[in-house]
Every structure is written in structure tokens, then in C-alpha cells.
Amino acid sequence: MSGSKTARGSSAVRAHGSSVRTFRLTVPPVSGILRPRLVALGAVLAVAGFLLFCWGLTIGDYPIAFADVVRALAGSGDPGTVLVVEELRLPRALVGLLAGVAFGVSGALFQTMTRNPLASPDMIGLTQGAGTAVVAGIVLGWDGGLGTQALGLFGALATALVVYALAWRRGATGYRIILVGIGVAWICTSATDYLLARGGRFQAQAALGWLVGNLNGRTWGQVGPLAIALAVLLPAALLLGRLLRTLQLGDDVATGLGTRVQPVRLAVLLCGVGLVAFATASAGPVAFVALAAPQITQRLARTAWPPTLASGLTGAVVVLGSDLIARTLVSGTELPVGIVTGVLGAPILLWLLVRANRAGSGG
């Protein structure tokens, strides 16, 4: 990365001790900042995610050795094992992996944009809005043949538009988005509870199975739309990273640096909403991943903001690891992954609230 092998006149300069390096290349004319700790963290998270991904594929009524799973992913090995891995177990693992990345990146975008560690799709009503739309479709029969994916996507997008419109007053600040989002989240939660109470027993069971966040029974039909959404929205989120960091300096400073604050904030909001909407539509509203993953990553990387890509990798590790716990904790029973992430994420939320209150910013 220092450019010594690729260009003349390249240089590498230490900054802030050994945690940050700046580099500049003359051919091609590129400059930037390299954070070795963040790069190492990303590599560790990628390896951990791959190991958890393969480990999850070994679990089932027909146990498969780890080495056989790796060979099956490469398309070799016993045909029966390849069939079980690729057709029966791979969709579940891929939904968990991709949804974890989407939740982690979305949480990092919202927390950076609002400069608040409590800002996440869980807290500002997006997942609750998706849940209300899905439950309404199941209980009231309003799905029109769309299915839970389309309903969840519609619910999250509609909720985001409502939150942004209500928070707008000559612009939409992160503080107002959070406050309005919390109110909208409770409205959606109350509407969902009413629909569950109104629905029949089987309708309520079907809705609850989705609301808690579940990877059971995932198919290739859930993998495709989520993979396409990530292929489009993840590069967009990374491209918005530089402009997003200027928003952390405040709207006035960001405007002075040439950032168009409201268009950038709207673009970040749409990107984050798209990620969480497709993830929620595929896996359900898996609790606390979007909240916890960026905060865990920020502390491991020792950065001033949640790193976007590393937060996505942390989200994948959290979802895949929680799914392993959910499938092995109780013998003969596969718990929904959202139960495990809720148990693990609730203490993190309490810690963030206590920490913010001690800092004088928690209300």
C-alpha cells in the first residue's frame, strides 16, 4: 500500500504514532490514509466470518465434516454432500452472512450521520415499520401475493419517508431524526401488537415467527434480492464515506468544506434504509445487530467513527455466531436467531445508555 513497487515518487508517512499512515502516489495520482489496525481487523473479521459460515454448514440432521463442507463449496467431493450443502444449507448461511453485512453497514451509516451511537434502524422505527407491514399483510390479507419480502421492503421505505418528512424543518438534523424515529417506532410497535391481537392463532404464529428474526427455512428466493441490493448499495455506502465523515464536524463546518449537507444526508438515509429493508425482508428484524456491530467495530479499530466495511463484517460475524448458538443451545430445537442477538444486544444497549448519560449526552 505504500506504493514503493507501483510508482515513482511514492511516499509513506507516519501520523498519530503507528496507527495511521498517509500515502501518495505519483503514478497514478492517488493519495489517502491507511490504517494498519483497521486493515488487520478487517482481515481477522473476514476469516472469522468464513469459519463461522462453514461451521454453520456442518450442522444438521446429517452432520458433515468441516473439510467436506469446504470441498462441497468448491464443487467437489461426494455428490450427496454437495447436494445437501449447496441446495439445503447454503441459502440459510448466505442469508445470515448477507443480512449481517447489511445490518452492520446500515447501522454504521446512521450512527455516523447522526453522530449518535444509539442511532440504528432498531431505534428509529425502520425495522418496526417493516414488521407492521408484514403483519398487516398476514393478518388482514393485504399482501396481494407480494410475500413478506416485498411487504417488509415497502414498510421500511414508507417508515423512512415518514420519519424524514416529520423531522424536516428547513433541513433534517440527526437529532430530530432520532427523536421522530423513536416516536414512529412506538406507533408501529403498537399497531403491530393490535394486529397480532386481532389475528387468528395461526396468523399470529406465522407473524411472530417472522417478527423475531429467523433464518430457518431460508431459500434461494431470499438470497437473490439481498445479494443484488448489497452489490448496488454497499459500493454506494463506501463512496459516501468521505462526505459522511464531514457531517461529523457539524452542518456549518461541513458546508464550509463544500459538502452539500442535506443531499448527502438524504443519500445516506436512502442507502441505509435500502440495506436494512432488504435485510429485514430476507431474515426478519434481527434485533440489535445494526446497533451493536458498529460500536463493537469502532472500539476494536480505535477510530472516531464506526468504519463502514468493518462494521458490515462484524455484523456478519454476530449473525452467523448467534445462529450457531441458536441451533446448538437447546438440543433438538432451533431457536430463532433474533432471540440470541436480543439477549446479547440488550446489555450493549444498556451500556451505551449509561455511557452516554455519564458523558452528559444521554438525557
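Each of Pro121, Gly107, Leu41 was placed along the dipole of the chain (beta-carbon charges, centred on the mean Cα), and the one lying farthest toward the positive end is Leu41. Residues of region 173-197 with an amide N closer than 13 Å to a point placed 7 Å from the Cα of Leu257 along the Cα-to-Cβ direction: none.
Rolling a 1.4 Å probe over the heavy atoms of the protein chains gives the chain an accessible area of 48 Å² per residue. Dividing the convex hull volume of the alpha-carbon atoms in the chain by its residue count gives 166 Å³ per residue.
By the combined test of axial Cα extent (at least 24 Å) and Kyte-Doolittle hydropathy (mean at least 0.5), the qualifying DSSP H helices of the chain come to 36-58, 90-114, 147-167, 174-198, 220-239, 261-283, 308-328, 337-358.
About its Cα centre, the chain has a charge dipole of approximately 1640 debye under the convention of +1 per Lys or Arg Cβ and -1 per Asp or Glu Cβ, with nothing else charged.
Taken as Cα centroids, region 100-135 and region 198-225 sit 20 Å apart, rounded to the nearest whole angstrom. The helix-based estimate of mean residue ellipticity at 222 nm for the chain, built from -39,500 (n - 2.57) per DSSP H run of four or more residues and divided by its residue count, is -22500 deg cm²/dmol to the nearest 500. Here the accessible area of the chain is 66 percent carbon and sulfur, with a 1.4 angstrom probe and all protein chains present.
The values are calculated or read from the model by the stated rules, or taken from the named source; none is laboratory data. This structure is a prediction, so every number in the text was calculated from the model and none was measured. Backbone-built Cβ (ideal geometry, glycine too); neighbour counts: all protein chains shown. Calculation scope for accessible area: heavy atoms of the full protein, side chains included, ligands and nucleic acids excluded. Shrake-Rupley method; radii C 1.70, N 1.55, O 1.52, S 1.80 Å.
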